Amino acid sequence: LPISEQLQYIKNYVLQANNAIVSGGNYEEYMDVDSFIEWLLLQEFCYNWDAGYVRNVYMYKEPGRKLKFGPVWDFDLAFGSVGWNTTEYQNWATSMNGMHEETWSTFLLDDPDFMERMKARWLQVREPLMRRADEVTEYMTEYLGHSFELNQDLWMSEWIGKNISWEWIYEYEHTDLAGYFEYLQGILDYRYEYMNRCIV
């Protein structure tokens, strides 16, 4: 097909998917729900504020198949880097998180059938996901130690506690790597507890 026809086809397809999701219709006709659940759980665990459908939410459709979500992308506003939005990260990053309006997540998180499917997957992945996050956090604290010190000496010593461009002041509160990773661990604990409470 010519590019113009392909563009019109995918535009119509996504609009149909949107209408089905918003109206509570048969959205499974248009989207691979399991791929969406995988995408959603990861984005929410990381509290990726950029995953709120404003930008950098990717999906694709192969011929004869449904919409699939991915690849995941853009995590600079994840893992607790949106301090001005909420201090405890006790909401959904992809839906109504303080700036975004209603999204696909808003409607699907209100669908009992969808929530049952997401619960089943969350129960499978939550412990290995949290265990791996703990392992990586511990490893990176040691691995990045010397590089962090050099970075602080070269770039950050004069910026501690100051707002840099559009970044947020709190990001530079810590003067040692352990402080940053303690903050990161706290965010991951918040998210784990919040998702357990909302999903299970």
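Points to keep in mind about this one:
- Sequence-ordered 3J(HN,Hα) estimates for the range 106-115 from the Karplus curve with 6.51, -1.76 and 1.60 and θ = phi - 60° stand at 3, 6, 6, 5, 9, 9, x, 5, 4, 5 Hz, glycine and proline given as x.
- Neighbour net charge for residue 50 - beta-carbon separation under 11 angstrom, K R +1, D E -1: -1
- Sparsely packed GluC sites (Glu not before Pro) within the range 98-149, loop by DSSP, other Cβ within 10 Å at most 12: 101, 102
- Histogrammed with a bin width of 10 Å, the alpha carbon distances of the range 1-149 distribute as 10, 34, 34, 15, 6, 1 percent, first bin at zero.
- Taking trypsin sites (Lys or Arg not before Pro) across the range 7-78, the ones in a DSSP loop with at most 15 further Cβ atoms lying within 10 angstrom of their Cβ are 55, 65.
- Apportionment of accessible area to carbon and sulfur, the range 97-146, percent (1.4 Å): 51 percent
- Solvent exposure of the range 1-54 amounts to 50 Å² per residue of accessible area, where only protein heavy atoms count and the probe is 1.4 Å.
The values are calculated or read from the model by the stated rules, or taken from the named source; none is laboratory data. Since this is a predicted model, take the numbers as computed values, not measurements. So basically every Cβ, Gly included, is an ideal-geometry build from the backbone, and we count neighbours across all protein chains shown. What goes into the accessible areas is simple: the full protein's heavy atoms, side chains included, and nothing from ligands, DNA or RNA. Shrake-Rupley method; radii C 1.70, N 1.55, O 1.52, S 1.80 Å.
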